[in-house]
Amino acid sequence: MKQTIEYEKIDEILAQHSNQKPPIVAILQDIQEEYRYLPKEIFPYLSEKLKVSIAKIYSVATFYENFSLSPKGEYIIKICDGTACHVRKSIPILDALRKELKLYEGKNTTDDLKFTVETVSCLGACGLAPVITVNDKVYAAMTPEKAVKLLNELRNGEGK
Ligand code: FES
């Protein structure tokens with residue numbers, strides 16, 4: 001599903017940064033907050049508005065791990081695969097969620113843009129391993145069964 005870009009929104013974001021030397025990172029952060037990723041169409045537009053080359057903007061966008069160039073789901077589920085979580089069986093949780101959502105390595109987001117499933121290294125809550133987060137809310141001591149139950153709650157609009 002393709003998202004429509006509202007260039008007025010991008011202009012609003014640019015206006016908020018207009019009194020500074022183009023703070024590309026901050027602008028990209030705001031755009032990503034709005035769209036949950038950085039749509040490719042914005043690069044030429046930003047380049048023209050900011051008088052900065054597309055290559056420069058692109059290099060900033062790809063330098064920071066937090067920026068995504070592909071669309072993300074409404075719910076971003078992160079499965080910790082740091083050491084503590086890995087030994088407590090985080091991978092079966094990942095496998096169960098991927099199976100439920102028909103996702104696989106290389107396809108992290110459902111076609112309806114509802115869910116993104118990704119792995120992260122240590123979330124800093126090793127005592128609660130294995131840990132997953134849904135839009136940054138932490139769920140401790142997960143199992144594949146609990147994760148699928150949580151997924152179904154999210155699908156039904158519960159668990160927000
Ligand atoms: S290894 Fe998962 S929270 Fe630290």
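Conditions (1) surrounded by 11 or more Cβ atoms within 10 Å (Cβ to Cβ); (2) not in a helix (DSSP H, G or I), marked per residue:
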{"position": "I13", "(1), (2)": "yes, no"}
{"position": "K21", "(1), (2)": "no, yes"}
{"position": "Q29", "(1), (2)": "yes, no"}
{"position": "E33", "(1), (2)": "no, no"}
{"position": "F43", "(1), (2)": "yes, no"}
{"position": "E48", "(1), (2)": "no, no"}
{"position": "A55", "(1), (2)": "no, no"}
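Among the conditions (1) assigned to a loop (DSSP other than H, G, I, E, B); (2) surrounded by fewer than 13 Cβ atoms within 10 Å (Cβ to Cβ), the only one that N152 does not satisfy is (1).
Restricting the first member to the stretch 116-129 and to residues that are in contact (Cβ under 8 Å) with a residue 12 or more places away in the chain and within 15 Å of I91 (Cβ to Cβ), and the second to residues that are of a type in the set (V, I, T) and more than 8 Å from the ligand (Cβ to nearest atom), the beta-carbon pairs closer than 6 Å and six or more apart or on different chains are V117/I77; T119/I79.
Starting from residues that are under 14 Å from the mean Cα position of the chain (by Cα) and surrounded by fewer than 19 Cβ atoms within 10 Å (Cβ to Cβ), keep the ones in the stretch 107-118 and report whichever is farthest from the ligand (Cβ to nearest atom). Step through it out loud before you land on a result.
Restricting attention to the stretch 107-118, the residues satisfying the condition of being under 14 Å from the mean Cα position of the chain (by Cα) are 107-110, 113-118.
Then drop every residue that is not surrounded by fewer than 19 Cβ atoms within 10 Å (Cβ to Cβ), which leaves 107, 110, 113-114, 118.
Numbers: K107: 24, T110: 24, L113: 27, K114: 25, E118: 14 Å.
Taking the candidates together, the pick is L113.
One residue stands out among those in the stretch 141-160 that are over 21 Å from R36 (Cα atoms) and in contact with a strand residue (DSSP E or B) (Cβ under 7 Å, 6 or more places away or on another chain): the one that is nearest to the ligand (Cβ to nearest atom), which is M142.
Taking the listed residues V87, V138, V134, the one that is modelled with pLDDT of 95 or more, crowded, with 18+ Cβ neighbours inside 10 Å and within 16 Å of the ligand (Cβ to nearest atom) is V134, with no other qualifying. Residues in the stretch 33-84 that are of a type in the set (K, R) and at pLDDT below 95 were compared, and the one that is nearest to the ligand (Cβ to nearest atom) is K72.
Before we move on, is L103 over 20 Å from K137 (Cα atoms), away from the ligand (no atom under 16 Å from the Cβ) and not assigned by TED's automatic domain parsing to the domain that holds P130? No, not satisfied.
The values are calculated or read from the model by the stated rules, or taken from the named source; none is laboratory data. Quick caveat: nothing in here was measured; it's all calculated off a predicted structure. Neighbour counts are summed over all protein chains in view; Cβ atoms, including those assigned to glycine, are modelled from backbone coordinates with ideal geometry.
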